[in-house]
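The values are calculated or read from the model by the stated rules, or taken from the named source; none is laboratory data. Just so it is clear, the model here is predicted, and its values are computed rather than measured. Please note: Cβ atoms are built from the backbone with ideal geometry, for glycine as well, and neighbour counts cover all protein chains shown. Each accessible area value is taken on the protein alone, full model and side chains, heavy atoms only, with ligands, DNA and RNA left out. Shrake-Rupley method; radii C 1.70, N 1.55, O 1.52, S 1.80 Å.
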Number of protein chains: 2
Amino acid sequence: MRSAEQVSEVFSRRPKRADARRNYETLISAAREAFAEDGVSASLEDIARRAHVGIGTLYRHFPTRQDLFESVYVDEVEALCRTAGDLADQPPWDALAGWLHRFVRYTATKRALAEALNRDSELFRTCRTEVHAAGEPLLRRAQRAGTARTDASFDDVMHLVGGITMIHFAEPGQLERVVGMALNGLRPQPPSSDQESRAASSVASVSSATSVVSR
Amino acid sequence: MRSAEQVSEVFSRRPKRADARRNYETLISAAREAFAEDGVSASLEDIARRAHVGIGTLYRHFPTRQDLFESVYVDEVEALCRTAGDLADQPPWDALAGWLHRFVRYTATKRALAEALNRDSELFRTCRTEVHAAGEPLLRRAQRAGTARTDASFDDVMHLVGGITMIHFAEPGQLERVVGMALNGLRPQPPSSDQESRAASSVASVSSATSVVSR
DNA sequence: AAAGTAGCGGAGGAATGCCTCCGTTTGCAA
DNA sequence: TTGCAAACGGAGGCATTCCTCCGCTACTTT
């Protein structure tokens, strides 16, 4: 909860006047959609059009294209972190699963912006830290409650879910379904007959399952 | 070997006259570089310039932008398949490892073109089949020779190496190094003290190693 | 070596995108 | 309610890209 606000305070300069703030939000949504559809080369005039806003308004809020990229990304990180707080009153497993499903949208945005974002920037590093701070407690809580297996680290889980989203799915619901399968792999496993589990074996068993489904 | 020619025959319409053929090849190389650097929105005039060729020449060979995308992709697939044939006289493990290193360049191209390529197309499916036909025997041969562990399927290996390339590496040689580490994980493992290996455990142990290195 | 044709190059018009500038509108504080 | 600073919209100039068209070049064939 605190972490989401922290990112806001550091990075995003939301305007204070009501109309300006409304336009700012609308523009970010429009940009996120446009980038997802057309990639980073989406036209700025098109984004302004989608937001029902003049091109001048876009440029006032985001003087450079890079500003817009970063604002969309930060906005997505903020929303993801906020979701973690919102889920705090859910049962441990539901909170974790809900958050990871939300995480999928984040990775989609991140992937669309990948070629534009500088991954060594201060901003990028801070965002990663914030995401970790928001999500890691959810995993730990589920593990302590006995509803998530304890041999998976947060980093493992990020790679597991993040890797799935790298695959391009044709069918609409397929991605969610596969993520669901992956989450199944995170549940505590009944002790198998011939071996006990090592750190990354949950990741292994699930990712081999997904590779059957699609590629 | 036969498979590479098969793709050629089906898809790529290489011109027969010497100068035309030379320009065709040069254009494809230039396009591959340009797409890798600037993404799918690279300028066609820039590509013609890189190839030291008039813009008209580019348009004669590739009437639409999509034609160029597909030709670059098919060319990369052909080259990859041909490499498999060229490596046939190497020792089994060297052949497999060499091919997988070559495979990395293929995935880089594929990633750059990802948003432009229709993954359900006839062309795309055929290419996948050809890649499989070219690479799978290399894996089987190394496995029969006892130099690659037998509990990894070809699909597992593709996901392993393909997944690594999805990570964006800052350092130049880092990708190759990490692929090298991954290949190490493909070697037959000394029987571990507390358990024997299951189908995907090679993938697991290596991917957990890479996640330490970078993300 | 001569002819015929496939191939080449690039000028240029249409379209689109980028970004600035400024006259008009509107939210908000007093 | 009123005044004004903040925000808006979009016309327009410049740059870039796309793509066609056609006069010229040079490869191949006989």
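Can you give the net charge of the other residues whose Cβ lies under 14 Å from the Cβ of B:R140, counting K and R as +1 and D and E as -1? That sum, taken over residues with Cβ under 14 Å, equals -1.
Projecting 7 Å from Cα along the Cα-to-Cβ direction, the label point of B:R22 sits 6.5 nm from its equivalents in the other copies, listed shortest first.
Sorting A:R13, A:R60, A:R82, A:R50 on solvent-accessible area from highest to lowest, probe radius 1.4 Å, gives A:R13, A:R60, A:R82, A:R50.
Net length available on complete extension from B:E122 to B:Q66 is 18.7 nm, with 0.36 nm assigned per residue and the Cα-Cα distance removed. Taking the Cβ of A:L80 as the centre, find all other residues whose Cβ is under 12 Å away and add up their charges (Lys, Arg: +1; Asp, Glu: -1). Charge balance near A:L80 sits at 0. With θ taken as phi - 60° and the Karplus curve 6.51 cos²θ - 1.76 cosθ + 1.60 applied, the whole-hertz 3J(HN,Hα) list for segment A:22-39 is 4, 4, 4, 4, 4, 4, 5, 4, 4, 5, 4, 4, 4, 5, 5, 7, 10, x Hz, x standing for glycine and proline. Database remark: amide H of B:A148 closer than 5 angstrom to the amide H of B:Q143 (H placed geometrically; neighbours at sequence offset of 5 or more, or on other chains; Pro and chain starts carry no H). With label points defined 7 Å past Cα in the direction of Cβ, position A:R187 shows copy-to-copy spacings of 4.0 nm, given to one decimal and shortest first. What is the local net charge at A:F69, summed over the other residues whose Cβ is closer than 12 Å to its Cβ (Lys, Arg +1; Asp, Glu -1)? Residues near A:F69 contribute -2 overall. Take each residue in B:114-120, count the other chain C-beta atoms within 10 Å of its C-beta, and the mean is 3. I need the Debye-formula profile for segment A:79-154: one equal scatterer per C-alpha, no solvent, reported as log10 I(q)/I(0) at q = 0.27 1/Å, two decimals. Result of the Debye calculation: -1.25. Take B:28-35, B:121-128, A:32-39 and order them by the average number of nearby Cβ atoms within 10 Å per residue, most first; the result is B:28-35, A:32-39, B:121-128.
The alpha carbon centroids of segment B:56-125 and segment A:108-159 are separated by 33 Å. In nanometres and ascending order, the distances from the A:R144 label point to those of the other copies are 5.6 (point 7 Å from Cα along Cα→Cβ).
With the alpha-carbon atoms as the only input, what is the per residue convex hull volume for segment B:2-188 in Å³?
Numbers: hull volume 23.2 nm³, N = 187.
Per residue, the Cα convex hull of segment B:2-188 comes to 124 Å³.
A cut-off of 5 Å between modelled amide H atoms, ignoring neighbours fewer than 5 places along the same chain, links A:Q90 with no other residue.
Under 28 Å of direct C-alpha separation, and excluding same-chain neighbours fewer than eight residues apart, A:K110 reaches these lysines: A:K16, B:K110.
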